[in-house]
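Asks: Mind looking over this structure? Questions follow.
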Amino acid sequence: NSSFVSSAASSSVVSSFSSSEKTQTQSSAVSATVQTKVKSDLPIIGPAPSAFVGLGPWHNSPPLDLQKLRGKGVLIDVWTYSCINCIRTFPHLEALWQKHKEQPYVQIGIHSPEFTFEKSEKNVAAAIKEHGLTYPTAQDNDFKTWNAFNNRYWPAHYLIDAEGNIRYTPFGEGAYEE
(Lines give C-alpha, C1' and ligand atoms only; values in the text may rest on other atoms or scores of the structure.)
Protein backbone atom coordinates (compact mmCIF):
# COMPACT_ATOMS: atom_id res chain seq x y z
CA ASN A 1 0.00 0.00 0.00
CA SER A 2 1.47 3.34 -1.02
CA SER A 3 1.69 6.21 1.40
CA PHE A 4 2.32 9.93 1.44
CA VAL A 5 3.41 12.59 3.88
CA SER A 6 0.09 13.53 5.46
CA SER A 7 -0.81 16.90 6.92
CA ALA A 8 -1.26 15.56 10.45
CA ALA A 9 2.00 13.59 10.38
CA SER A 10 3.86 16.49 8.79
CA SER A 11 2.75 18.90 11.51
CA SER A 12 4.32 16.64 14.11
CA VAL A 13 7.38 15.93 12.02
CA VAL A 14 8.03 19.50 10.91
CA SER A 15 7.79 20.80 14.44
CA SER A 16 10.10 18.09 15.72
CA PHE A 17 12.72 18.81 13.10
CA SER A 18 13.75 22.26 14.22
CA SER A 19 15.12 20.58 17.35
CA SER A 20 14.66 17.28 19.16
CA GLU A 21 12.08 18.77 21.47
CA LYS A 22 10.44 22.17 21.05
CA THR A 23 7.20 23.89 21.92
CA GLN A 24 5.24 24.40 18.70
CA THR A 25 1.77 25.34 17.61
CA GLN A 26 0.44 22.24 15.89
CA SER A 27 -2.77 21.90 13.93
CA SER A 28 -5.00 18.86 13.83
CA ALA A 29 -7.86 18.08 11.46
CA VAL A 30 -9.90 16.99 14.47
CA SER A 31 -9.09 19.56 17.14
CA ALA A 32 -8.30 23.25 17.41
CA THR A 33 -4.76 24.59 17.50
CA VAL A 34 -3.01 23.71 20.74
CA GLN A 35 0.37 24.32 22.35
CA THR A 36 2.24 21.05 22.71
CA LYS A 37 5.71 19.62 23.18
CA VAL A 38 6.65 17.44 20.23
CA LYS A 39 9.33 14.82 19.89
CA SER A 40 9.48 12.74 16.74
CA ASP A 41 8.56 9.09 17.06
CA LEU A 42 9.82 8.44 13.54
CA PRO A 43 12.86 6.19 13.34
CA ILE A 44 16.11 7.29 11.76
CA ILE A 45 16.24 5.41 8.47
CA GLY A 46 19.73 6.62 7.63
CA PRO A 47 21.68 9.72 6.68
CA ALA A 48 20.51 11.82 3.78
CA PRO A 49 23.03 12.43 1.00
CA SER A 50 25.46 15.15 2.01
CA ALA A 51 24.72 17.25 -1.07
CA PHE A 52 22.50 17.61 -4.09
CA VAL A 53 24.31 16.35 -7.16
CA GLY A 54 23.89 17.51 -10.76
CA LEU A 55 20.82 19.68 -10.27
CA GLY A 56 19.79 22.51 -12.53
CA PRO A 57 18.14 24.54 -13.70
CA TRP A 58 16.25 25.60 -10.60
CA HIS A 59 12.67 26.91 -10.63
CA ASN A 60 10.97 29.10 -7.98
CA SER A 61 14.28 29.56 -6.14
CA PRO A 62 17.98 30.12 -6.56
CA PRO A 63 19.99 26.89 -6.13
CA LEU A 64 19.74 25.41 -2.64
CA ASP A 65 22.51 23.60 -0.77
CA LEU A 66 21.49 20.60 1.32
CA GLN A 67 24.23 21.27 3.88
CA LYS A 68 23.02 24.86 4.37
CA LEU A 69 19.53 23.53 5.12
CA ARG A 70 20.72 21.76 8.29
CA GLY A 71 18.66 22.91 11.24
CA LYS A 72 15.45 22.70 9.20
CA GLY A 73 13.09 19.92 8.28
CA VAL A 74 13.35 19.16 4.56
CA LEU A 75 10.88 17.33 2.35
CA ILE A 76 12.29 16.11 -0.94
CA ASP A 77 9.62 15.43 -3.57
CA VAL A 78 10.96 13.36 -6.50
CA TRP A 79 8.60 13.62 -9.45
CA THR A 80 8.20 13.80 -13.20
CA TYR A 81 5.55 15.88 -14.92
CA SER A 82 3.93 13.24 -17.11
CA CYS A 83 3.39 10.80 -14.23
CA ILE A 84 -0.29 10.77 -13.21
CA ASN A 85 0.61 9.54 -9.73
CA CYS A 86 2.92 12.54 -9.30
CA ILE A 87 0.27 14.94 -10.60
CA ARG A 88 -2.23 13.65 -8.06
CA THR A 89 0.16 14.52 -5.21
CA PHE A 90 0.65 18.16 -6.29
CA PRO A 91 -2.38 19.71 -4.54
CA HIS A 92 -1.40 17.97 -1.30
CA LEU A 93 2.25 18.98 -1.59
CA GLU A 94 1.41 22.60 -2.39
CA ALA A 95 -0.97 22.73 0.59
CA LEU A 96 1.77 21.29 2.82
CA TRP A 97 4.22 23.93 1.55
CA GLN A 98 1.76 26.77 2.12
CA LYS A 99 1.03 25.53 5.63
CA HIS A 100 4.66 25.12 6.77
CA LYS A 101 6.82 27.44 4.66
CA GLU A 102 7.13 30.02 7.46
CA GLN A 103 8.46 27.36 9.85
CA PRO A 104 12.00 25.94 9.89
CA TYR A 105 10.99 23.77 6.91
CA VAL A 106 11.94 23.59 3.25
CA GLN A 107 10.19 21.60 0.56
CA ILE A 108 12.13 20.85 -2.61
CA GLY A 109 10.87 19.28 -5.80
CA ILE A 110 13.38 17.17 -7.69
CA HIS A 111 12.16 16.69 -11.25
CA SER A 112 13.72 13.48 -12.60
CA PRO A 113 12.48 12.81 -16.14
CA GLU A 114 11.09 9.45 -17.18
CA PHE A 115 11.21 10.40 -20.87
CA THR A 116 13.65 12.49 -22.94
CA PHE A 117 11.08 15.23 -23.68
CA GLU A 118 10.76 15.79 -19.92
CA LYS A 119 14.32 17.12 -19.78
CA SER A 120 13.22 20.41 -21.36
CA GLU A 121 13.51 23.39 -19.00
CA LYS A 122 10.61 25.03 -20.83
CA ASN A 123 8.37 21.97 -20.40
CA VAL A 124 9.20 21.61 -16.70
CA ALA A 125 8.55 25.33 -16.12
CA ALA A 126 5.20 25.00 -17.90
CA ALA A 127 4.24 22.00 -15.75
CA ILE A 128 5.19 23.85 -12.56
CA LYS A 129 3.03 26.79 -13.63
CA GLU A 130 0.12 24.61 -14.79
CA HIS A 131 -0.03 22.79 -11.44
CA GLY A 132 0.51 25.93 -9.34
CA LEU A 133 3.65 24.68 -7.63
CA THR A 134 5.41 27.46 -5.73
CA TYR A 135 8.04 25.53 -3.78
CA PRO A 136 11.66 25.32 -5.02
CA THR A 137 12.16 22.71 -7.73
CA ALA A 138 15.31 21.59 -9.51
CA GLN A 139 15.78 19.46 -12.58
CA ASP A 140 17.76 16.24 -12.17
CA ASN A 141 18.07 15.34 -15.85
CA ASP A 142 21.02 12.98 -15.33
CA PHE A 143 19.54 11.28 -12.24
CA LYS A 144 22.51 12.17 -10.06
CA THR A 145 20.43 13.27 -7.06
CA TRP A 146 17.97 10.42 -7.77
CA ASN A 147 20.92 8.01 -7.49
CA ALA A 148 22.32 9.74 -4.40
CA PHE A 149 19.02 8.93 -2.65
CA ASN A 150 19.02 5.40 -4.16
CA ASN A 151 15.58 6.24 -5.48
CA ARG A 152 13.55 3.86 -7.63
CA TYR A 153 10.08 5.43 -7.82
CA TRP A 154 7.90 8.32 -8.96
CA PRO A 155 6.66 9.94 -6.87
CA ALA A 156 9.02 9.50 -3.93
CA HIS A 157 9.29 11.62 -0.79
CA TYR A 158 12.15 11.86 1.66
CA LEU A 159 11.58 13.63 4.95
CA ILE A 160 14.90 14.78 6.43
CA ASP A 161 15.33 16.04 9.98
CA ALA A 162 17.40 19.01 11.17
CA GLU A 163 20.45 16.80 11.69
CA GLY A 164 20.34 15.43 8.13
CA ASN A 165 18.73 12.05 8.85
CA ILE A 166 16.04 10.57 6.65
CA ARG A 167 13.04 9.87 8.90
CA TYR A 168 10.23 8.97 6.50
CA THR A 169 10.18 7.71 2.93
CA PRO A 170 6.69 7.26 1.52
CA PHE A 171 6.48 6.24 -2.13
CA GLY A 172 3.52 6.63 -4.45
CA GLU A 173 0.32 8.47 -3.71
CA GLY A 174 -2.63 8.19 -1.38
CA ALA A 175 -3.21 7.90 2.38
CA TYR A 176 -3.15 11.71 2.61
CA GLU A 177 -4.95 11.84 5.95
CA GLU A 178 -2.79 9.13 7.55
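Asks: Going through THR116, THR89, THR80 one at a time, which residue ends up being modelled with pLDDT of 95 or more, more than 13 Å from the chain's Cα centre (by Cα) and closer than 17 Å to PRO170 by Cα?
Replies: None of the other options fit; the residue is THR80.
Asks: Here is a further query. State all residues of segment 60-85 that are open to solvent by 20 Å² or more (accessible area, probe 1.4 Å), more than 17 Å from ALA162 (Cβ to Cβ) and outside any loop (DSSP other than H, G, I, E, B); if no residue qualifies, say none.
Replies: ILE84, ASN85
Asks: Could you count how many residues in segment 43-59 are assigned to a loop (DSSP other than H, G, I, E, B) and among the aromatic types (Phe, Trp, Tyr)? Walk me through how you get there before you give the answer.
Replies: Restricting attention to segment 43-59, the residues satisfying the condition of being assigned to a loop (DSSP other than H, G, I, E, B) are 43-45, 48-57.
Subset that is among the aromatic types (Phe, Trp, Tyr): 52.
Residues meeting the conditions: 1.
Asks: Another one. Say we look at segment 99-140 and pick out the residues that are aliphatic (A, V, I, L, M) and outside any helix (DSSP H, G or I); which of these is surrounded by the fewest Cβ atoms within 10 Å (Cβ to Cβ)?
Replies: VAL106
Asks: Checking GLY46 against (1) modelled with pLDDT of 95 or more; (2) over 22 Å from PRO136 (Cβ atoms); (3) open to solvent by 20 Å² or more (accessible area, probe 1.4 Å), only one condition comes out false. Which one?
Replies: (3)
Asks: Further question: Determine whether TYR158 is at negative phi and assigned to a strand (DSSP E or B).
Replies: Yes; evaluated as a whole, the condition is true for this residue.
Asks: Let me ask another. Criterion first (touching a residue at least 24 places away in the same chain (Cβ under 8 Å) and over 15 Å from GLY56 (Cα atoms)) does GLU102 satisfy it?
Replies: No, not satisfied.
Asks: Same structure again: Can you tell me how many residues in segment 86-98 are open to solvent by 20 Å² or more (accessible area, probe 1.4 Å) and touching a residue at least 60 places away in the same chain (Cβ under 8 Å)?
Replies: Selection size over segment 86-98: 3.
The values are calculated or read from the model by the stated rules, or taken from the named source; none is laboratory data. Here the structure is a predicted model, which means the values were calculated and not measured. All Cβ positions, glycine included, derive from the backbone under ideal geometry; neighbour counts span all protein chains shown. Note: areas computed on protein heavy atoms with side chains; ligands, DNA, RNA excluded. Shrake-Rupley method; radii C 1.70, N 1.55, O 1.52, S 1.80 Å.
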